[in-house]
Each structure stands twice: as structure tokens, then as C-alpha cells.
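Written below as C-alpha cells is the structure these notes are about.
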Amino acid sequence: MAHFQKLKVWEKAHALMVQTHGVVKRMKRTYDKSLCAQMNRAAESIAANIVEGKGKSSDAEFARFLRFALGSAHELEYHFIAARDIEAIPADAAAPLIAQVIEVRRMIYGLLKRLEGGK
């Protein structure tokens with residue numbers, strides 16, 4: 001199997017994780033630390049599951065980890081929506097992050113489809 005760093009979806013997921021950490025750093029100190037931690041964990045989990053799955057010995061195992069990454073992507077999208085709605089981050093900052101999550105999720109779905117033979 002090819003190295004995970006050659007996967008475009010990993011590049012996008014990693015960039016999303018870096019951006020998420022930056023946004024969380026700038027969030028007002030008054031906001032719930034658990035929300036900040038959950039946002040960081042979900043963003044890290046997307047990229048980490050892609051990496052872990054890529055290191056497995058079969059496409060079926062890789063697909064299983066991609067499904068975990070999808071779950072984390074859905075979670076992260078919600079956290080961005082929640083942070084926007086409680087005004088922890090401005091709407092104009094949340095919108096591109098939500099769009100990035102959706103893009104990463106679509107890429108994961110596409111990779112899953114290829115691994116599963118177009119099902």
C-alpha cells in the first residue's frame with residue numbers, strides 16, 4: 001500500500017486539523033474548554049484514522065477506519081455549527097471550516113466507494 005502522505009484526502013484532513021487548532025486557540029477564553037477539546041479531538045481523529053487505516057493490510061480494514069474518520073467529520077461539522085451558534089467563533093470564520101469538513105467527507109466517501117468496488 002502507498003504511504004498515507006500521498007493521499008490527497010489525508011492532506012486535506014491534516015490541513016483541516018491545523019486550521020481547527022488555530023481557531024480553537026483564538027476562541028474566547030470564556031467558552032467551554034470541553035467544546036474546544038472536542039473540536040481538536042474530532043479534527044485530529046479524521047486524519048489519524050486515515051493514517052491508521054492506510055497502514056492496515058487490507059482494503060476492508062482501511063475502509064473500516066475511513067468510516068471512523070467519517071464519523072469524526074460529522075462530529076466536527078456539528079462542533080463548528082455549535083461554536084458558531086453560541087458565538088464562540090464568528091459565522092464568517094465557521095463557514096469555510098464547515099465547507100472544508102464537507103469536502104473532506106466527500107473525499108472519504110469517494111475513497112470508500114473505490115475501495116468497495118463502486119458499491
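A short reminder: the numbers here are calculations on the coordinates, not readings from a lab. Treat the numbers as computed from the prediction; the structure is a model and nothing was measured. With ideal geometry, Cβ positions are generated from the backbone for all residues, glycine too; neighbour counts draw on all protein chains shown.
Determine the relative contact order of region 8-111: mean sequence separation of Cα pairs under 8 Å and six or more apart, normalised by residue count, in whole percent. If you can, show how the numbers build up before the last one.
Values: 101 pairs, mean separation 32.1, N = 104.
After rounding, I find 31 percent.
Helix 59-85 versus the longest principal axis of the chain: what angle, 0 to 90°, nearest 10, using Cα atoms?
Taking Cα atoms only, the helix is inclined about 10 degrees.
Return the Rg/Rh ratio of the chain with Cα-based radii and a Kirkwood Rh.
1.02
Using only Cα atoms, locate the centre of region 10-51 and the centre of region 66-119, then give the distance between them in Å, rounded to an integer.
For region 10-51 versus region 66-119, the Cα centre distance is 12 Å.
Helix 91-115 sits at what angle to the longest principal axis of the chain, using alpha carbons and giving 0 to 90 degrees rounded to 10?
10 degrees
What is the local net charge at Ala15, summed over the other residues whose Cβ is closer than 13 Å to its Cβ (Lys, Arg +1; Asp, Glu -1)?
Values: positive: Lys8, Lys12; negative: Glu11, Glu44, Glu103.
Once positives and negatives cancel, what remains is -1.
Using +1 on the beta carbon of Lys and Arg, -1 on that of Asp and Glu, and nothing else charged, what's the dipole of the chain about the Cα centre, debye to 20? Mind dumping the intermediate values first?
Working: 19 positive and 13 negative charges, 47 e Å.
With Lys and Arg at +1 and Asp and Glu at -1, about 220 debye.
Projecting each Cα onto the charge dipole of the chain (Lys/Arg +1, Asp/Glu -1 at the beta carbon, about the Cα centre), which of Ser58, Val18, Tyr78 comes out farthest on the positive side?
Toward the positive end, the furthest listed residue is Ser58.
In region 1-68, what is the count of Lys pairs whose alpha carbons are under 29 Å apart, counting only pairs at least 8 residues apart or on separate chains?
12
Return, ordered by residue number, the residues of region 90-119 whose backbone nitrogen is under 19 Å from a label point located 7 Å along Cα→Cβ of Lys25.
Answer for this model: 90, 93-94, 97.
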